Every structure is written in C-alpha cells, then in structure tokens.
Amino acid sequence: MKIGIDIGGSHIGIGVVDNNGEIIIKTEKFLIEKNNIRNILEEFITENVMQFALMYDIESIGIAVPGTIRNNNIDKAVNLNIENYNLATILEKILKIKVKLKNDAKCAALAEYKYGELKEYKNSLFLCIGTGIGGAVIYDGQLLEAEEVPGYEFSHMIIQKDGELCNCGKRGCFETYASLKRFKQKISERFELNTLSGKEIRKFIQENSENQILKKMIKEYIEYLSIGISNIINIFEPEAICLGGSFAEYENIFYNPLKQAILQGNLLFNPRHDIIIKLAKLKNDAGIIGATLI
Ligand SMILES: [Zn+2]
C-alpha cells in the first residue's frame, strides 16, 4: 500500500491507495487559514499518516503539490504563498517512510493516463483548472518533464501584454484570466453575491441564464480559456485533452461553448473538425492516486 497526498490551493486530501489505484480510505481538510500553512500541513499529514500506518503496511508516500518541485523540495507554490520548503525531509524524519513530491497537475495527469480518461491516448494534454491552472503533457506514453525544474508551466504563459498581476509576480498570465477562482471572484463581485462557493455560483448562473451581463462574462471567460488552450494545442497537437479540477463540475455551463470556441475561433494553426476533450474521470481523487505513481 502507498499513501497519496494531494495538497490543493484550498484543500488537502490524504488516502491509502492499493496496487490497482483504488483509494481504500481517505481523509480531507480545507485550507482556509493560510498564515501558518507549513505547520497546518505538517501536523495534518503526520497525524493521519501515523494513523493509517497502524492499519496498513505503507511502502512510501507521494505528495502532489500545487507548485514547482526542485530536488524533491518545494521551490515555490505561489497560490499557497510557500517558497523553498523542505516538506519531504521534515516528514521523512518524523515518519521514517520515503516521501516523494511532484507537481499536482503532473500527478493527476499520470493518474488519468494510467486509470482514467487518457488511458487510450499516447499523446495527450491534461489541465487542472481550479484555484490556478496546472498542466501536464503526456508524449509517446511518457510524462514530459524538463531536466532541473519540471517545466510546462502553461498557467504562467503570458496571454495579455501588461495584463493583470499574477501571484507569480508576472503580468498577464493565463491563470490570472482563466482560473476558476478568478471567474468565481469576478461573478461574485459584479453581482454582489458575497460567496466563492462553486455550488452557489453555479446556482446563480442557472437561475440567471438570460442575464446579458452574466452571459457576456461567461463568454469572455471562455474566450480567455480557449486562447490559452489553443496555444498549447498548437505546440503539442495532442490526440486528446483532459480537463480536471473543479472545472469538471461546470460541464453544463462551459463544456460545449469551450469546445466550439476552440474549434471555431480562428485560434488553431492546424484547423480541426473535432477535438477530443474529456472531463477528468478521477475528479478530486486524481491527485491522491497520481501521487502514488511518482
Ligand atoms: Zn503567473
């Protein structure tokens, strides 16, 4: 048995995963307070891993991190405000179990490739759209990674010159315009909803489907998303694309318009009649399962 841990931009999940990629048991916690994030993570992880280790024989721990990993160290996780954090070493000292770290979108892509929607494709693209936008490319059956740092940071490609400030310090990044968090914030502010709950925002959209301002905001969001995704398609020409993160919960609102915007928007260098876009099958479990595949 292995333990997979998924540290998201706003939650953490820990699960025991068997050799078939099935989660046997799991526990989760929301990360609302981010001031003391390191202590919160270390306490929650050690407490739960110790408990699981009493019940199962644990070989190793894999952790999916929403950021850049360098030498099994968290170089930076901009949405958690973390820099240069040796989480693996700290945990190994306490738990005496091998701990490996990898970028969360890359973990989720591995899980979707081995067990989920990308199983049948040798060349595919995975995007995790939530608090930020994580990305990964599977090429010829392998996860693409650069030598020293993981690379393939699609979310921080600039799609707007002198655009809005991103958490990474640059301006005009793809995720500043196309993350779901950003979409929810804009809708919430414009209509004074006073919430960032996805469930409530979706309910509001459903109940106000004829509101012209809302329609325009959704269209604009899809435009930004389609620009970013088509840029990546033009580089990699994947056979299939899998979209994960909380984006998958907005299927009714975004799926068809996004597909149409990519196909019909004069964005593709090699125009296509169709494009295979899948919604992540493993949903929020992809990070936990993928973390055990690293
Ligand atoms: Zn950025």
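Distance in nm between label sites at Ile158 and Asn270, each 7 Å beyond Cα in the beta-carbon direction?
Distance between the two pseudo-spin positions: 2.9 nm.
Under 5 Å between amide H atoms, partner at least 5 residues away or on a different chain: which partners does Ser60 have, H built in plane at 1.01 Å?
Ile3
Carbon and sulfur together cover what percent of the accessible area of segment 141-201 at a 1.4 Å probe radius? Walk me through the numbers on the way to the answer.
Values: 1540 of 3540 Å².
Roughly 43 percent, rounded to a whole number.
What length, rounded to one decimal in nm, is gained on full extension from Ala146 through to Glu59, with 0.36 nm per residue of separation minus their alpha-carbon distance?
Details: separation 87, 0.36 × 87 = 31.32 nm, distance 2.74 nm.
That pair, Ala146 and Glu59, stretches by 28.6 nm at full extension.
Give me the accessible area of Met50, 1.4 Å probe, in Å² rounded to the nearest 10.
Using a 1.4 Å probe on the heavy atoms, I get roughly 100 Å².
Hey, if we sort Met217, Met1 by accessible area with the 1.4 Å probe, largest down, what's the order? Could you put the intermediate results ahead of the total?
Numbers: Met217 40, Met1 65 Å².
My answer, sorted largest first, is Met1, Met217.
Let me check I've understood the local charge: for Ile69, count other residues with C-beta under 11 angstrom from its C-beta, Lys and Arg +1, Asp and Glu -1. What total comes out?
On the way: positive: Arg70, Lys76, Lys100, Lys102, Lys106; negative: Asp75, Asp104, Glu145, Glu148.
Spelling it out: positives minus negatives among the neighbours equals +1.
Using 0.36 nm times the number of residues separating Lys216 and Lys96, minus their current alpha carbon distance, what extension gain do you get? All intermediate terms of the calculation are to be shown ahead of the outcome.
Details: separation 120, 0.36 × 120 = 43.20 nm, distance 5.38 nm.
So the chain would gain 37.8 nm between Lys216 and Lys96.
So how much accessible area does Tyr255 have, in Å² to the nearest 10, using a 1.4 Å probe?
50
Probe radius 1.4 Å, ligands and nucleic acids left out: which of Ile40, Ile232, Ile213 has the largest accessible area, and how do the rest follow? Show your work: numbers first, answer last.
Values: Ile40 40, Ile232 0, Ile213 75 Å².
From most exposed to least exposed: Ile213, Ile40, Ile232.
How large is the convex hull of the Cα atoms of segment 1-112 per residue, expressed in Å³ as a whole number? Mind showing how you got there, number by number?
On the way: hull volume 10.6 nm³, N = 112.
Dividing the Cα hull volume of segment 1-112 by its residue count gives 94 Å³.
Would you pull out the residues with amide H under 5 Å of Lys281's amide H, same chain only if 5 or more places away, H placed 1.01 Å from N?
Correct list: Glu117.
P(r) for the chain: what percent of alpha-carbon pairs falls in each 10 Å bin, starting at zero?
6, 28, 35, 22, 7, 1
Rank these by accessible area, largest first, 1.4 Å probe: Glu189, Glu112. Mind showing how you got there, number by number?
Working: Glu189 135, Glu112 0 Å².
These residues rank, largest area first, as Glu189, Glu112.
Between 0 and 90 degrees, rounded to the nearest ten: what's the tilt of helix 198-207 against the longest Cα principal axis of the chain?
Value to nearest ten degrees: 20.
For the chain, what is the percent of antiparallel DSSP beta bridges, rounded to the nearest 5?
Roughly 60 percent of the DSSP beta bridges within the chain come out antiparallel.
What is the percent of Cα-Cα separations in segment 28-176 that go past 17 Å?
Values: 7366 of 11026 pairs.
The share of Cα pairs beyond 17 Å in segment 28-176 comes to 67 percent.
Expressed in nm², what is the orientationally averaged projection area of the convex hull enclosing the Cα positions of segment 121-281?
Working: hull surface 41.1 nm².
Orientation-averaged projected area of the Cα hull: 10.3 nm².
Pull out the extension gain between Asn72 and Leu196, defined as 0.36 nm times the separation in residues minus the alpha carbon to alpha carbon distance; nm, one decimal.
Numbers: separation 124, 0.36 × 124 = 44.64 nm, distance 3.29 nm.
Here the answer is 41.3 nm.
Per-residue HN-Hα couplings for segment 229-245, Karplus 6.51 cos²θ - 1.76 cosθ + 1.60 at θ = phi - 60°, whole Hz, x for Gly and Pro?
Running phi through 6.51 cos²θ - 1.76 cosθ + 1.60 with θ = phi - 60° gives 5, 5, 4, 6, 4, 4, 7, 9, 6, x, 6, 8, 10, 10, 10, x, x Hz.
Between Ile133 and residues 5 or more places away or on another chain, which pairs have amide H atoms under 5 Å apart, with H built 1.01 Å from N, and which residues are they?
Those qualifying (amide H under 5 Å, at least 5 residues apart or on another chain) number zero.
Around Asn284, under 12 Å between beta carbons, what's the net of Lys plus Arg minus Asp minus Glu among the other residues? Write out the running numbers ahead of the final one.
Details: positive: Lys26, Lys281, Lys283; negative: Asp6, Glu28, Asp104, Glu249, Asp285.
Net local charge, Asn284 excluded: -2.
Provide the per residue accessible area, probe 1.4 Å, for segment 121-281, rounded to a whole number of square angstrom.
For segment 121-281, the per-residue accessible area is 52 Å².
Per residue of segment 280-294, in order, report the coupling 6.51 cos²θ - 1.76 cosθ + 1.60 (Karplus, θ = phi - 60°) as ³J(HN,Hα) in whole Hz, putting x for Gly and Pro.
Karplus-based 3J(HN,Hα) across segment 280-294 equals 3, 7, 7, 6, 6, 7, 4, x, 5, 5, x, 5, 8, 9, 8 Hz.
Given the protein chains as shown and a 1.4 Å probe, how many square angstrom of Thr131 are accessible, to the nearest 10?
40
Taking Cα centroids, how far is segment 41-55 from segment 200-222 in Å?
Cα centroid of segment 41-55 versus Cα centroid of segment 200-222: 42 Å apart.
Under 1.5 on a/c is rounded, so check that first for segment 189-294, then, if it is not, pick prolate when a/b is larger than b/c and oblate when it is not; a ≥ b ≥ c are the square roots of the alpha carbon gyration tensor eigenvalues.
Here segment 189-294 falls in the oblate category.
If Lys and Arg each add +1 and Asp and Glu each add -1, what is the summed charge of the other residues whose beta carbon sits under 14 Å from the beta carbon of Val17? Let's see the in-between values first.
Details: positive: Lys2, Lys26, Lys100, Lys114; negative: Asp6, Asp18, Glu22, Asp57, Glu59, Asp285.
With Lys, Arg at +1 and Asp, Glu at -1, the neighbours total -2.
Among the aspartates and glutamates, which have Cα under 14 Å from the Cα of Lys106 when same-chain residues fewer than 8 positions away are ignored?
By straight Cα distance, Lys106 reaches Asp6, Glu145, Glu153, Asp285.
Go through segment 38-53 residue by residue and turn each phi into a ³J(HN,Hα) via Karplus (6.51, -1.76, 1.60, θ = phi - 60°); whole Hz please, and just put x for glycine and proline.
4, 4, 4, 4, 4, 5, 5, 5, 4, 4, 6, 5, 4, 5, 5, 5
The values are calculated or read from the model by the stated rules, or taken from the named source; none is laboratory data. Since we're looking at a predicted model, the values are computed, not measured. Cβ: placed from backbone, ideal geometry, glycine included. Neighbour counts: every protein chain shown. Surface accessibility is based on the protein's heavy atoms, side chains included, excluding ligands, DNA and RNA. Shrake-Rupley method; radii C 1.70, N 1.55, O 1.52, S 1.80 Å.
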